[in-house]
Each structure stands twice: as C-alpha cells, then as structure tokens.
1. Give the relative contact order (percent, whole number) for the stretch 1-75; include only Cα pairs under 8 Å separated by 6+ residues.
2. Mind giving me the FRET efficiency for residue 71 and residue 9? R0 is 30 Å, r the Cβ-Cβ distance, nearest 0.05 is fine.
3. Roughly how many whole Å is it from the C-alpha centroid of the stretch 73-125 to that of the stretch 9-61?
4. Taking the chain as a Gaussian network, Cα atoms linked when under 10 Å apart, which of 84, 62, 96 shows the biggest mean-square fluctuation?
5. Take the alpha-carbon positions of the stretch 60-125, form their convex hull, and give its projected area averaged over all directions (one quarter of the hull surface) in nm².
6. Can you tell me the length gained on complete extension of the stretch residue 25 to residue 80, counting 0.36 nm per residue apart and subtracting the Cα distance?
7. What number, in percent, do you get for the relative contact order of the chain if the mean sequence gap of Cα pairs under 8 Å and at least 6 apart is divided by its residue count?
8. What FRET efficiency would be calculated for the residue pair residue 110, residue 64, taking the C-beta separation as r and a Förster radius of 35 Å, to the nearest 0.05?
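Laboratory data are not the source of any read-out in this text; all were calculated from the coordinates shown. Predicted model, so just to flag it, every value in this text is computed and none were measured. When we count neighbours, we look across all protein chains shown, and the Cβ atoms used for this are built from the backbone with ideal geometry, even at glycine.
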C-alpha cells in the first residue's frame, strides 16, 4: 500500500523514490493526477539532476484541446516496494503520477486538508 495526504490546496500527494544515475534513490513528493493517463511526469531540472536516459518524443492533447510535444525519458522508480522501469514525460509542473502507473490499484482519498490518500493493489484492499 502507498499512503500520502491531501494538501491545503487539495492536491493528493504521495511519496515516490526515483533512482539517480549513480544508483542512489532520490525521494520525491508527487501529485496524483487522475487526468493524466501517462506514467510519471517530471520537470526538466529534476530530469537533468537524475541524468535520465532520453527515449523519444511524445505528443499529447491537453485539456484545452491544444497539442503538446514533449520529451520522454526512462527512469527506475520504487513503486509499492518494487523497482519499476517506466517512461517519464518532461513537463513544466510538479512531479505528477499518472493513471498508467496506478493501473491495478484502487485510489481512495479523504478530500480535506490532511486527509489520507491510499493506493492499494486490487485484491489487497
């Protein structure tokens, strides 16, 4: 199970560790974004700090209907105690956990400041 909390700005935050180029884990706080169907997005400064491997360019349609081209990298993250190699989209935002990373999990939130955020693997609920 992965647990986090809802901030005063009503953002559901969970902890996430990302493996750096030297093998050390960098702990991060990430926003759970149910409107993002990707895996994980990170800002360019963090991608540079982690020295992630570039894979390709991606294209997405944003909520306002406009198209966006972005860089896609590869990272190793600790997800529910397991090391996973996943695609990471470069985005000009806080780290975001998307629906692809949460696939197979149940998301539960208490929507008030300090409320609990839980991601439980389906079948372990």
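1. 21
2. 0.65
3. Cα centroid of the stretch 73-125 versus Cα centroid of the stretch 9-61: 10 Å apart.
4. 62
5. 6.3
6. The residue 25-residue 80 span can extend by a further 18.4 nm.
7. 34
8. After rounding, the FRET efficiency stands at 0.70.
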